[in-house]
1. What is the gain in length, in nm to one decimal, between GLU201 and PHE77 on full extension, counting 0.36 nm per residue of separation less the C-alpha to C-alpha distance?
2. For segment 124-227, which trypsin sites (Lys or Arg not before Pro) pass both filters: DSSP loop (anything but H, G, I, E, B) and at most 16 other C-beta atoms within 10 Å?
3. Filter the cross-link list LYS7/LYS35; LYS46/LYS193; LYS137/LYS193; LYS35/LYS137; LYS156/LYS346 down to pairs whose alpha-carbon distance in this structure exceeds 25 Å.
4. GNM on the chain, C-alpha springs below 10 Å: top fluctuator among GLU212, GLU151, GLU350?
5. Set Lys and Arg Cβ to +1 and Asp and Glu Cβ to -1, take the dipole of segment 203-283 about its Cα centre, and tell me which of GLY251, SER210, ILE234 lies farthest positive.
6. Among 227-234, 299-306, how do they line up from the highest to the lowest mean number of other beta-carbon atoms within 10 Å?
7. Farthest toward the dipole's positive end in segment 1-70, which of ALA28, CYS52, ILE11, given Cβ charges of +1 (Lys, Arg) and -1 (Asp, Glu) about the Cα centre?
8. Mind giving me the FRET efficiency for ASP375 and ASN260? R0 is 60 Å, r the Cβ-Cβ distance, nearest 0.05 is fine.
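The values are calculated or read from the model by the stated rules, or taken from the named source; none is laboratory data. Predicted model, so just to flag it, every value in this text is computed and none were measured. Backbone-built Cβ (ideal geometry, glycine too); neighbour counts: all protein chains shown. Calculation scope for accessible area: heavy atoms of the full protein, side chains included, ligands and nucleic acids excluded. Shrake-Rupley method; radii C 1.70, N 1.55, O 1.52, S 1.80 Å.
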Amino acid sequence: MTYLQLKEEIIDNDLCTSCGACVAVCPANIIQLNKNSIPNVYLDSKSLSEVCGSCNLCRDICPGKETDVPASELSLFGRTRTSTERWTGIINETNLVSVVDPNVRNHATAGGAVTGLLITALRSGLIDAALVIDRDKEKPWIPQAILTNDEETIIKCAQSTYCIAPNLHLLNDTRYESVGVVGLACEIQAIRKMQRNPETEALGKKIVFSIEIGCSSNTKLSGTEHLITDILNIPLDEVSDVRYRDGDYPGEFTVYTKNNESNSLPFFELVEEFKKFKTFRCLSCRDWWSGVADISVSDGDPNIYASSQYGILPSRFSMVATRTEIGQRLLELGILMGILVAEPTKFDPEESLGLQRKRFRSASYKRKYPNGVPDSSVLFNDNDGEREDDEVIAKMSNRIT
């Protein structure tokens, strides 16, 4: 009764990442995502036992507790990361990247690198569709994953979504045979487990490449609803669109209403408010990047909190780390096709606020719950001392100002 194991070991311990991978790999198609983006089945224990039998796929593919990053690194690179690669993972090269088309760049969070890479993949025929995050048509404050082969839709879906949004369940869609996936570290970890498992290898082969976005921690839907209703005082039934990084860089949390009005909140205030709406899995996670995506992306600006707080306007670029052959080829193809421009750079983990917040927070959780946090290829050590999140933010912001 594998689903019961998944429920007891992962879901009941608040370790579910809401990635949707268990839905995609279930051969009996009995797992669904409930309104809180948590896997659920509508069968009693007896029926579940008969349906599941000895199947272990949902538990095996789940990244909630066992991320299996070292095994994925061995499969991809023939080795695991060294101590100097502790926070970054194994990287081929790093560049500051921007999309050339100003229309695309203005829709994006930073330099529009992810959007440009997806457009490159579609125009070159590398993929049939891209897996991205859109908005629910009836309730547009709710993020919803979609598979699309339409460039305008991909541009519309640009910008980071700071809200939990399952996406891997859509890999069951039979309309497309080759897909490019944009996701977070936990979702990429599930994909790599899927690709290494003989029983799910065919599903994994649909994924031509994966792009991961640096993630300090994701946020429950209730966090977004709180900003809309309690901070901006907008009733949910009046919302027509939500953008988390709208307008001039570094962007603002902006809600558009059905009467063509909008109201915004500075990004740094979003960060502060969202602290109240986290899951245990996100707060205890060690992986800002998984290190096993084909391409990893973050803002070119390492401290958008300070940029938002103090009105600093750095250049609008994305920091892009290519890791695999297909990742490097995709970036070079985007440059060759005139879609992207790139400039070599170095990524310094010590300067990344998001990564440092994750570093100290996860160290604290590891000490409090030594057997209850997800595993990671980023080993714990005594240098990751006790620091409150506010202290980390303050110290990093003071460096900028």
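1. Full extension from GLU201 to PHE77 adds 42.8 nm.
2. Answer in residue order: LYS137, ARG175.
3. As for pairs spanning more than 25 Å Cα to Cα, those are LYS46/LYS193; LYS137/LYS193; LYS156/LYS346.
4. Most flexible of the set in this elastic network: GLU350.
5. SER210
6. 299-306, 227-234
7. Going by the charge dipole, the pick is ALA28.
8. Working: r = 49 Å, r/R0 = 0.81.
It comes to 0.80.
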